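Down below is the structure, laid out as structure tokens.
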Amino acid sequence: MIFRIIFFTLWLVPVTTYAVQYADRAEVQAFVKELAAQESFNERELLTVFRHAEYKQNIIDAITRPAERTLTWAKYQDIFLTERRTVSGIEFMEKNRVALEAAYEAYGVPPIIVTAIIGVETMYGKISGNYRVLDALSTLSFDYPPRSSFFRRELGEFILLAREEKKMITEFKGSYAGAMGMGQFIPSSYRAYAVDFDGDGFRDIWNNPTDAIGSVANYLAKHGWQRDKQITFEVSAASVPVEVFNVSLKPSKSISALRTLGMVDDLRRLDPEQAVSPMRLNGKDGEEFWIGLKNFYVITRYNHSKLYAMAVFQLSEGLRQGSGAVAAR
């Protein structure tokens, strides 16, 4: 009944030209019919939702040029490894010390890593996106063929989320890709990993840092974060064949195999059978060679990019060096 009230309230909201086009499109009507049958929705109510969904060309423009695909590591780090982001991160840690420590105890993810992810994603909640999630996911589901299947799944998850959280579906705001809150959770991640970390009855990842912190830590823990384990380290490997590097985000090369190729450095202290991911990056001073461990791979489950994970790692190291006891783990 609550969900019906939420949907029927949409009748009071003016409908745009674009919105009428979505509700009248055959693929949207097929999507509505399937979702209604699978999840016990009323088709008429779902079509009402799509009368309020608007196509956004700037969303299409943005998704075709993500920084992870267009920038080198030298340029990428200029965006995220700034003094402002580090200083703001230290302030965030000081304000949220109790929640960060509680998340470490509960999930094993260090305060500096949780903070760094929130810092990279939204500048600690300051830039979390002002697109209506309904518009973003509708645009990408029905007007962006390269990833339409993925975004239609997320659109379905989003409609379920609105029902579960008992919120007006047009009120959710997020990024151009439909990611929400301080930690930028897509709808399926919100439903699976967001937590009510302060126990107030609502998983508020938009305005409640405690919930956002717990949710990010829970996400990483559920994806296999190893408590108190190393993330990545730099090596000297200029003589190693280039085809060894950047093969897979997932650790796939054994330490023994890298030793055979002449890579030694800090590898002696690792299990010869341990799988790692050798990486080659174009940094500010030329080529950089890194060894990604399991926790580095876990960070890439948040964003499938080695540049992203490296930015999180190096920002976290900046937070460790620039802060007090809360970052000492």
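No value in this document is a laboratory result; all are computed from the given coordinates. These numbers were taken from a predicted model, which means no experiment stands behind them. We place every Cβ from the backbone using ideal geometry, glycine too, and count neighbours over all the protein chains shown.
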Original post:
Placing +1 at every Lys and Arg Cβ and -1 at every Asp and Glu Cβ, with all other atoms neutral, what dipole size does the range 180-329 have around its Cα centre, in debye to the nearest 20?
Top reply: 340
Subject >> the range 247-329, Rg to Rh (Cα coordinates; Rh as Kirkwood inverse mean 1/r) >> reply: 1.00
**OP:** Could you work out the Rg to Rh ratio of the range 183-329, with Rh taken as the Kirkwood radius (inverse of the mean 1/r over all Cα pairs)?
**Re:** 1.03
Original post:
How about the range 225-329: which GluC sites (Glu not before Pro) there lie in a loop by DSSP and see at most 15 other Cβ atoms within 10 Å?
Top reply: 273
**OP:** Note the angle between two axes, namely the Cα long axis of helix 111-122 and the longest principal axis of the Cα atoms of the chain, as a number of degrees from 0 to 90, rounded to the nearest 10.
**Re:** 50
Subject >> Principal axes of the range 41-121: Cα extent on each, largest first, Å >> reply: 48, 35, 20
Original post:
Where the centre of each part is set by its Cα atoms, how far does the range 188-216 sit from the range 49-94, in angstrom?
Top reply: 21
**OP:** Tell me which residues come under 5 Å, amide H to amide H, from residue 292 once H is placed; ignore anything under 5 positions away on its chain.
**Re:** 277, 279
**OP:** Working from Cα positions, state the angle (0 to 90°, nearest 10) between the long axis of helix 148-165 and the longest principal axis of the chain.
**Re:** 70
Subject >> Order of 316, 138, 149, 252 under a 10 Å beta carbon neighbour criterion, fewest first >> reply: 149, 252, 316, 138
Original post:
When 291, 231 are ordered from fewest to most other Cβ atoms inside 10 Å of their Cβ, what list results?
Top reply: 231, 291
**OP:** State the volume of the convex hull built on the alpha-carbon positions of the chain, expressed per residue in Å³ and rounded to an integer.
**Re:** 147
**OP:** Would you mind ranking 284, 294 by Cβ crowding within 10 Å, fewest neighbours first?
**Re:** 284, 294
Original post:
Which loop-located trypsin sites (Lys or Arg not before Pro) does the range 93-162 contain, where loop means any DSSP state but H, G, I, E or B and the Cβ has at most 11 other Cβ atoms within 10 Å?
Top reply: 126
**OP:** Among the listed pairs 126/167; 75/126; 253/306; 167/294; 56/173; 95/306, give every one whose C-alpha distance is greater than 26 Å.
**Re:** 167/294; 95/306
Subject >> Where GluC sites (Glu not before Pro) fall in DSSP loop in the range 74-174, at most 14 other Cβ within 10 Å >> reply: 171
Subject >> Relative contact order, percent, the chain [alpha-carbon distance under 8 Å, six or more residues apart] >> reply: 19
**OP:** Report, in debye and to the nearest 20, how large the dipole of the chain comes out about its Cα centre when Lys and Arg carry +1 and Asp and Glu carry -1 on their Cβ.
**Re:** 280
Original post:
Between the helical axis of 209-222 and the dominant principal axis of the chain, each derived from Cα atoms, what acute angle in degrees is found, rounded to the nearest 10?
Top reply: 70
Original post:
Expressed in whole Å with the largest first, what are the equivalent ellipsoid semi-axes of the range 159-263 derived from the C-alpha gyration tensor as the square root of 5 times each eigenvalue?
Top reply: 40, 16, 11
**OP:** Run the dipole for the range 54-99 about the Cα centre, Lys and Arg Cβ at +1, Asp and Glu Cβ at -1, nothing else charged, and hand back the magnitude in debye, nearest 20.
**Re:** 60
Original post:
Hey, what did the range 169-247 get for relative contact order, percent, Cα under 8 Å, at least 6 apart?
Top reply: 21
Original post:
How long is the range 80-231 along each principal axis, judged by its Cα atoms, biggest number first, in Å?
Top reply: 42, 34, 27
**OP:** Give the residue from 261, 322, 161 lying farthest towards the positive end of the charge dipole for the chain; charges sit on Cβ (+1 for Lys and Arg, -1 for Asp and Glu) and the dipole is referred to the Cα centre.
**Re:** 261
